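Chemist: Could you have a look at this structure, given as structure tokens, before my questions?
The values are calculated or read from the model by the stated rules, or taken from the named source; none is laboratory data. It should be emphasised that the depicted structure is a prediction, and the values quoted were computed from it without experimental measurement. Here Cβ is always computed from backbone atoms with ideal geometry, including for glycine, and neighbour counts include all displayed protein chains. Each accessible area value is taken on the protein alone, full model and side chains, heavy atoms only, with ligands, DNA and RNA left out. Shrake-Rupley method; radii C 1.70, N 1.55, O 1.52, S 1.80 Å.
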Amino acid sequence: MPLLDKFGRQITDLRISVTDRCNFRCVYCRSADPENYRPVDELLQWDELERLARVLLALGIRKVRVTGGEPMVRPGVEEFIARLKKLGVQDLSMTTNGQLVAERCHALIAAGLDRINISLDSLDPEKFERITRTRKFASVMAGIQAAQASSLRPVKVNAVLVRGINDDEVEAFARLARETGISMRFIEFMPLDADRHWSRDLVVPAAEVKRRIEALWELVPIAHERSETARKFAFADSPGEIGLIAPVTQPFCGFCSRIRITADGKMRTCLFSSEDHDLKPLLRGNASDQQLAAFIEERVMEKEEGHRINEPGFAQPSRTMVYIGG
Ligand code: SF4
């Protein structure tokens, strides 16, 4: 039986956050203040994460994305990727800040990773430092080059655009895609930041990004699955691809196929859920796989129709991005 919600949407994409720790402190995600990481024993063990993946694969999940925090800071992530591949995950990807990719790219591929999303919010090392609060620009660029030189495909580079911080780099990012052949994705800033600084005027609409790129180069639409978050375009005259992810100005909830598992064992049926569904009592309470599957099916049936960012009275979820994973 496919995993369906009450709107008839089939859930086929699982995002697993394997840690709430990160070696970056991006301004649109984490606070400058020390965060209270969850104690390690509150995080799901690899066996528990693998069991959840196995139960969800049996419910029709096809795509799995490993996220964080920063997934590569948790020891054993390559082994976990190998376990997921052995379970039969057809499409296995990871979202990372890229800092550790150059040195571990081969190990990720050997483990079975198919594709990768690397975050890069500025091509200016000084601005990169201001955004991420690290001096890791060179290692991230080396990570992108290593991924592009490897068999990982596609290599997607994600930039979260924030008005007044990096919106002046749209054309430079597009040029990077043309020069390297990567898929450059522009993500609208979402109200999930720890410092609660989000406001609508900080959002750079995808339509503006498209207009500015088309002022320089012709874009050709690429067919995409309805459940995909990005609207994709190729350049008419060069390699490289552009992806526009517009959750604020052009929501794509109507065809959402995603659910998330957080590192501390909560299932979130929407990125903007105001409610978490705790799986740990079942996982650590000797529930059977059937009981786990039934719990998941019941909660998915009640999956939110969509986020309410554009509705009066929208309230930012209490859980912030670093505790959810993209
Ligand atoms: S906001 Fe929620 S419903 Fe909308 S696309 Fe994202 S996860 Fe799906």
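Chemist: For segment 1-21, name all the residues that are surrounded by fewer than 22 Cβ atoms within 10 Å (Cβ to Cβ) and assigned to a loop (DSSP other than H, G, I, E, B).
Modeler: Restricting attention to segment 1-21, the residues satisfying the condition of being surrounded by fewer than 22 Cβ atoms within 10 Å (Cβ to Cβ) are 1-2, 4-10, 12-13, 15, 21.
Matches in segment 1-21: Met1, Pro2, Asp5, Lys6, Phe7, Gly8, Arg9, Thr12, Arg21.
Chemist: Identify all residues within segment 259-274 that are within 13 Å of the ligand (Cβ to nearest atom) and surrounded by fewer than 24 Cβ atoms within 10 Å (Cβ to Cβ); write none if there are none.
Modeler: Arg260, Met267, Thr269, Cys270, Leu271, Phe272, Ser273, Ser274
Chemist: Report the residue count in segment 218-258 for those that are more than 14 Å from the ligand (Cβ to nearest atom), among the β-branched types (Val, Ile, Thr) and either open to solvent by less than 10 Å² (accessible area, probe 1.4 Å) or under 17 Å from the mean Cα position of the chain (by Cα) (or both).
Modeler: 1
Chemist: While we're looking at this one, here's another question. Touching a strand residue (DSSP E or B) at 6+ places or on another chain (Cβ under 9 Å), aliphatic (A, V, I, L, M), more than 13 Å from the ligand (Cβ to nearest atom) and over 27 Å from Val18 (Cβ atoms), is that true of Ala215?
Modeler: Numbers: touching a strand residue (DSSP E or B) at 6+ places or on another chain (Cβ under 9 Å): no; aliphatic (A, V, I, L, M): yes; more than 13 Å from the ligand (Cβ to nearest atom): yes; over 27 Å from Val18 (Cβ atoms): yes.
So Ala215 does not fit the description; no.
Chemist: Turning to a different aspect of this structure: Which residues, taken from segment 79-97, are outside any loop (DSSP other than H, G, I, E, B) and open to solvent by less than 30 Å² (accessible area, probe 1.4 Å)? First the steps, then the outcome.
Modeler: At the first step, the residues of segment 79-97 found to be outside any loop (DSSP other than H, G, I, E, B) are 79-87, 91-96.
The answer is Phe80, Ile81, Leu84, Leu92, Ser93, Met94, Thr95, Thr96.
Chemist: Between a residue in segment 105-125 that is closer than 16 Å to Lys86 by Cβ and any residue that is part of a helix (DSSP H, G or I) and among the hydrophobic types (A, V, I, L, M, F, W, C), which pairs come within a Cβ distance under 7 Å, given they are 6 or more apart or on different chains?
Modeler: Cβ pairs passing all conditions: Leu108/Ile81; Ala111/Ile81; Ala111/Ala82; Gly112/Ile81; Gly112/Ala82; Leu113/Ile81.
Chemist: Arg308 fails exactly one of the following numbered conditions: (1) within 12 Å of the ligand (Cβ to nearest atom); (2) under 19 Å from the mean Cα position of the chain (by Cα); (3) basic (Lys, Arg). What is the number of that condition?
Modeler: (2)
Chemist: Every residue in segment 60-70 that is in contact with a Gly (Cβ under 8 Å, 6 or more places away or on another chain) and not in a strand (DSSP E or B), please.
Modeler: Passing the criteria: Gly68, Gly69.
Each row is one residue, and each column tells you yes or no for (1) open to solvent by less than 10 Å² (accessible area, probe 1.4 Å); (2) not in a loop (DSSP other than H, G, I, E, B).
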residue: Ala102; (1), (2): no, yes
residue: Ile116; (1), (2): yes, yes
residue: Gly143; (1), (2): yes, yes
residue: Gly164; (1), (2): no, no
